Amino acid sequence: MAIELVRIDDRLIHGQVATTWTRNYDIEQILIIDNKTKNDPVQASVANFAVPPGVKVIIFGVAQFAEVMKKTEIKKRTMLLFTTPVDILQLVNEGLKISEVNAGGMRFRDGRKRLSKAISVTEEEDQAFSGLMDKNIHINVQMVPKDPRVDYKTLI
């Protein structure tokens, strides 16, 4: 698989993702894996509009991507973009092979615990991060590539 980056950002594709992350990893395609976005034509349109020329965006629901990854090898330099670690853990349990997750934006809202300026989690998301770490997947927190990486374990 040519998965170069697995990122969590609840804003999905925006300036940081569209410019710095895609350039830093020489990304050819972004696969957004999010049920809500898959079923929202407006968000899908915005996602396609925001990417740099030459970068392809494909949007999948979680179960849909689970089936795709079992049948199709990813060959292009790819960023998997999620809004929550819960979906990542579900796909890892379905066979997705990754070694690291970049958590870059999980905004604070009611019902969320703030861990850093960029990361606020629900109890379910915190448990999903723990589940990923139990599977030896490293979780780093980093808003943009020039920022230092912070190990998620140091925030809890």
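The values are calculated or read from the model by the stated rules, or taken from the named source; none is laboratory data. All of these numbers come straight from a predicted model, not from anything done at the bench. Neighbour counts run over all protein chains shown; Cβ positions are idealised from the backbone, glycine included. Ligands, DNA and RNA are stripped out before the accessible areas are found, and what is left, the full protein with its side chains, is counted by its heavy atoms. Shrake-Rupley method; radii C 1.70, N 1.55, O 1.52, S 1.80 Å.
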**OP:** Provide the packing ranking of 89-96, 64-71, i.e. peptides ordered by the mean count of other C-beta atoms within 10 Å per residue, highest first.
**Re:** 89-96, 64-71
**OP:** Could you order peptides 138-145, 43-50, 30-37 by the average number of other Cβ atoms within 10 Å of their residues, highest first?
**Re:** 30-37, 138-145, 43-50
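At a 1.4 Å probe radius, which order do ASP110, ASP40 fall into by accessible area, largest first?
Numbers: ASP110 150, ASP40 45 Å².
Accessible-area ranking of ASP110, ASP40, largest first: ASP110, ASP40.
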Subject >> Descending Cα extents along the principal axes, the chain, whole Å >> reply: 38, 31, 28
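How much of the DSSP beta bridge set in segment 1-132 is antiparallel, as a percent to the nearest 5?
Numbers: 2 of 20 bridges.
Taking every DSSP beta bridge within segment 1-132, about 10 percent pair in antiparallel fashion.
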**OP:** Keeping all protein chains in position, work out how much accessible area ARG149 exposes to a 1.4 Å probe, and write it in Å² to the nearest 10.
**Re:** 120
Original post:
Where the centroid of each part is defined by its Cα atoms, how far is segment 2-73 from segment 93-118 in Å?
Top reply: 16
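Using the Kyte-Doolittle scale, which helices in the chain average at least 0.5 and also have C-alpha atoms spread 18 Å or more along the helix axis, with helices defined as whole DSSP H runs?
The answer is none, since no helix passes both cut-offs.
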**OP:** Quick one: order SER99, SER120 from most to least accessible surface, probe 1.4 Å.
**Re:** SER99, SER120
Subject >> Accessible surface of segment 9-156 [probe 1.4 Å, protein heavy atoms]: carbon and sulfur percent >> reply: 50
Original post:
Which order do LYS153, LYS56 take by accessible area at a 1.4 Å probe, largest first?
Top reply: LYS153, LYS56
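Per residue, how much accessible area does segment 109-156 have with a 1.4 Å probe, in Å²? Intermediate results must be reported in sequence, preceding the final value.
Working: 2900 Å² over 48 residues.
Dividing the accessible area of segment 109-156 by its residue count gives 60 Å².
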